Amino acid sequence: MINFDDEKHRVKVGLAEMLKGGVIMDVTSAEQARIAEQAGAVAVMALERVPSDIRAEGGVARMADLEIIEGIKRAVTIPVMAKCRIGHFIEARVLEAVEIDFIDESEVLTPADNKYHIDKWSFKVPFVCGCRDLGEALRRISEGAAMIRTKGEAGTGDVSQAVKHLREIGSVMKSLTVMSSEQLYGIAKEYRVPLDLVRIVAKIGKLPVPNFAAGGVATPADAALCMHLGAEAVFVGSGIFKSSEPEKRARAIVGAIAHWENYEIIAEHSRGLGDPMKGIAAESIPEEHQLQTR
Amino acid sequence: MERFDHLHVGVLALQGDYELHEHQLGLLGIKQRRVRLPSDLNDLGALIMPGGETTTMAILIDRFGLRKPLIDFGRSQPVYGTCAGMVLLARHIEDNQAGVNPLQLMDIDVLRNGYGRQVYSFEETLRVQIASGIEEIRAAFIRAPKVTRLGSAVETLSVYQGSAVLVAEKNILAASFHTELEDDTSLLRCFLSRSLDRQVVDKVP
């Protein structure tokens, strides 16, 4: 039974609320974590490899070694997130045991369970999950996710997939607000989610948990674009530490997000940032190599 | 809420849960404005500093030239800080690993995440002293700061497990916790009333 009024769930969603208007940066070392914090990141994602390296190297991608994660945790005061494999509830329990602040049940890692996601209600630590459309978002929320992010196509530096997912979710949510009750039953059935959840979205016109963007964000303008399309904060993965001047770029993306409606300020933050990550066009990746389909 | 008709309230909107504070102001029909640049503070009667990440907000305050304008504003006008907002209002931050420079508008010391990391975040019903007497409110402590020192002029309006969690000093009000995650506006109304009372006081020659 879903109970959004559950107090344990409220403090989980509460942390997601506090991260709004911020940038969450992928880091692979304590040094990178400190650079991210001093650039103004609201949180860091502790990883062994950034998505573009996972993509390039192939093989099975798993939860990072705890030594890396704990080193990052000691290095910064801001919240530390870490990724576990889809369905791997033991990796999640391990991350909870070392008091990670947020877990990303992530398609960037190789899924451990091809059928089920983790039952996130039973955890004290909040979870974020990726999605491509509203049905996927609502399934993850009904499993207890405290935050949703777009999947985008991680590790590409190509924002087009995050844009596609944001637009898809936004437009379908809007259509729900004018649907009849009969149609909402149909949606609940089609999405395989509780009707109550569909009704909440239809009533408020947005997700009942914060909705962030991720996947391919590489520039301050990319980040601001996501905010204009309804994202409430942005994850930047490979985009920062795979660019030629991570410190400058990190700082610039933070500034552009804080002032996402002020084009002069975004312009000021779009100058002299060095080379962005090289990237690959997401459309050129064959479906079997895409991370978003996981 | 006719009493508050003439009040124009700013919400520091660089990062954090500022939209939730805006929502609560909206419930009371209060005129409001987002504060992101120094000029946004012009003609405001009060300011709310929301929850969020202290380090991020402090960096953005300095980057966008808001430090001095915020300090000047807070020396004369009502300011209410929740969670990260409280940390920024403090005189001193203990164990200040990230090197955050607070605005020092209130004579308190705080320890960031003093109640522990996220897995220890919690909700609690608190008894708080507000203008009309003692009220019970539901408070969310999310990686909340702990007050470790109170200046002699600081009033304690609520205590949890031996630590002050809601404090006031002249025109400044600060809470370790959040009430803006839900629709209970009692603490906001308490702040607005204090703001009006001060305006009246200020007008006395």
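Shielding value for A:14-27 is 6, the average number of Cβ atoms from other chains within 10 Å of each residue's Cβ. Under the simplified labelling scheme, the B:Leu37-A:Thr110 pair shows an inter-label distance of 5.1 nm, with each label point 7 Å from Cα along Cα→Cβ.
Here the protein assembly as shown is assigned +1 on the Cβ of each Lys and Arg and -1 on the Cβ of each Asp and Glu. Its dipole about the Cα centre then comes out at about 360 debye.
Let me have the relative contact order for chain B, percent, based on Cα pairs under 8 Å that are six or more residues apart. Answer for chain B is 18 percent.
Projecting the Cα atoms of B:Thr55, A:Ile240, A:Val42 onto the charge dipole of the protein assembly as shown, computed from C-beta unit charges around the Cα centre, puts B:Thr55 farthest toward the positive end. Entry note, segment B:110-205: relative contact order of 24 percent, from Cα contacts under 8 Å with a spacing of 6+ residues.
Rounded to the nearest 0.05, what FRET efficiency do B:Asp183 and B:His8 give with R0 = 25 Å and r taken as the Cβ-Cβ distance? Could you check? Calculated transfer efficiency: 0.65. Computed from label points 7 Å out along Cα-Cβ, the spacing between A:Lys124 and A:Glu57 is 3.2 nm. Return the FRET efficiency for the residue pair A:Asp275, B:Ile134: r is the Cβ-Cβ distance, R0 is 60 Å, and the value is rounded to the nearest 0.05. After rounding, the FRET efficiency stands at 0.50. Amide H contacts of B:Ala46: B:His8, B:Gly10, each under 5 Å away and 5 or more positions distant or on a separate chain (H built 1.01 Å from N in the peptide plane; Pro and chain starts excluded). Relative to the current alpha-carbon distance between A:Ser244 and A:Ser180, full extension at 0.36 nm per residue lengthens the span by 17.8 nm. Close amide H partners of B:Tyr115, meaning residues 5 or more places away or on another chain with modelled amide H under 5 Å apart, are B:Ala144, B:Lys146. Taking Cα centre as origin and charging only the Cβ of basic (Lys, Arg, +1) and acidic (Asp, Glu, -1) residues, the dipole magnitude of segment A:1-140 rounds to 200 debye.
Extension gain, A:Val98-A:Arg167: 0.36 nm per intervening residue step, less the Cα-Cα distance, totals 21.2 nm.
How many angstrom separate the Cα center of segment A:112-162 from the Cα center of segment A:214-281? Using only Cα atoms, the two centres lie 22 Å from each other.
Taken over segment A:64-203, lysine pairs spaced eight or more positions apart, or on distinct chains, with alpha carbons under 19 Å apart number 14. The charge dipole of chain A, taken about its Cα centre with unit charges on the Cβ of Lys, Arg, Asp and Glu (plus for the first two, minus for the last two), comes to roughly 440 debye. The helix-only estimate of mean residue ellipticity at 222 nm for chain B, built from DSSP H runs of length n ≥ 4 each weighted as -39500 (n - 2.57), is -8000 deg cm²/dmol after division by the residue total. Each residue of segment A:280-290 was assigned a 3J(HN,Hα) from its phi angle through the Karplus expression (A = 6.51, B = -1.76, C = 1.60, θ = phi - 60°), giving 9, 5, 4, 5, 7, 8, x, 3, 5, 9, 7 Hz with x at Gly and Pro. Of B:Asp17, B:Asp183, B:Asp107, the residue with the greatest mean-square motion in the GNM of chain B, using alpha carbon springs below 10 Å, is B:Asp183. Per residue of B:42-55, other chain Cβ atoms within 10 Å of the residue Cβ number 3 on average.
Considering only A:Ser122, A:Ser270, A:Ser284, the Gaussian network model of chain A with Cα springs below 10 Å gives its largest mean-square fluctuation to A:Ser284. Among A:Ala252, A:His269, A:Phe4, pick out the residue whose Cα is farthest towards the positive end of the charge dipole of chain A, where Lys and Arg carry +1 and Asp and Glu carry -1 on C-beta, about the Cα centre. Looking along the dipole axis, the top candidate is A:Phe4. Among B:Ile172, B:Ile30, B:Ile59, the residue with the largest mean-square fluctuation in a Gaussian network model of chain B, with springs joining Cα atoms closer than 10 Å, is B:Ile59.
With the simple model of a label 7 Å out from the Cα in the direction of the Cβ, A:Arg192 to A:His228 spans 3.7 nm.
Read-outs: derived from the displayed coordinates by stated rules, not from any lab. Note that the structure is a prediction, hence the values are computed from the model and not measured. Here the Cβ is made from the backbone with ideal geometry for all residues, glycine too, and neighbour counts use every protein chain on show.
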